[in-house]
Amino acid sequence: MKKVLVHGSGHKATSWNETISYMKDSGEVLCPNLFSILNGKEPTYDNLFASFAEYCNQIDGPIHLCGLSLGGILALQYALDFPDKVKTLVLIGTPHKMPKVMLAVQNIVFRFLPKSVFDNMEFSKKDIFTLEKSMKDLDFRSKVKNIACPTLSVCGKNDSANMKSALYFSENIPGAKLEILENTGHIVNEENPGALAKLLDEFFAD
């Protein structure tokens, strides 16, 4: 069964490489490049989700779906919209609703950063502003109770911005499990890839 690992807005599909190298069964892993699957469409959330859903729907059979940050948001919505397609769901550092104040502060900081800072990101500076503006009203609080597949909520212990959401998922998604990784921040797949690989192997196997 295919495992689909989805990166965040500030990273690329290659951010999963080290995590995959630690996984026992890495032959069935897919890591879509979110910018690439847009195929030239404007980088709004609706366009990105439609492209992501099309990508996943083309995969034969059910999938194990795992997303970090923006990738987690896409994975969460996909599991809600296509419940028969998702075998298991892993949400890493994923907000259950968009933190508008934090996004506003982040946007102010981003505006003063040079474009070169965004060279190693999947989305350009302009694209990130467009994408985040289109996501500001996302709120999954009334929907997560409808997630029907086994779910794992993961958060780095130092990721204070997303700890509340990680707990919310574990308390409101039926049967969801919670894992807090020590000495780890938001980018779990890069900061603690070995521990994350072990969690994913065990969860997917169960």
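None of the figures in this text is laboratory data; all of them are computed from the coordinates on show. Owing to the predicted nature of the structure, the values given are computational and were not obtained by experimental measurement. Glycine gets a Cβ as well: all are built from the backbone with ideal geometry, and neighbour counts include every protein chain shown.
Numerical summary
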item: Around Thr44: net Lys/Arg minus Asp/Glu count, Cβ-Cβ under 11 Å; result: -2
item: Three-way shape label, region 159-206, alpha-carbon gyration tensor, a/c 1.5; result: oblate
item: Cα long-axis angle, helix 193-205 against the chain (0 to 90 degrees, to the nearest 10); result: 50 degrees
item: Cα centroid separation - region 14-88 against region 140-193, whole Å; result: 17 Å
item: Peptide ranges 163-169, 54-60 listed from the most packed, as the mean C-beta count within 10 angstrom indicates; result: 163-169, 54-60
item: Rounded D (µm²/s) - the chain, Kirkwood Rh over Cα pairs, Stokes-Einstein at 20 °C, 1.002 mPa s; result: 126 µm²/s
item: Degrees, to the nearest 10: 125-135 long Cα axis against longest axis of the chain; result: 60 degrees
item: Net charge, Tyr55 excluded, C-beta distance under 12 Å - Lys, Arg +1, Asp, Glu -1; result: +1
item: Using alpha-carbon coordinates, inclination of helix 100-111 to the longest axis of the chain, degrees; result: 50 degrees
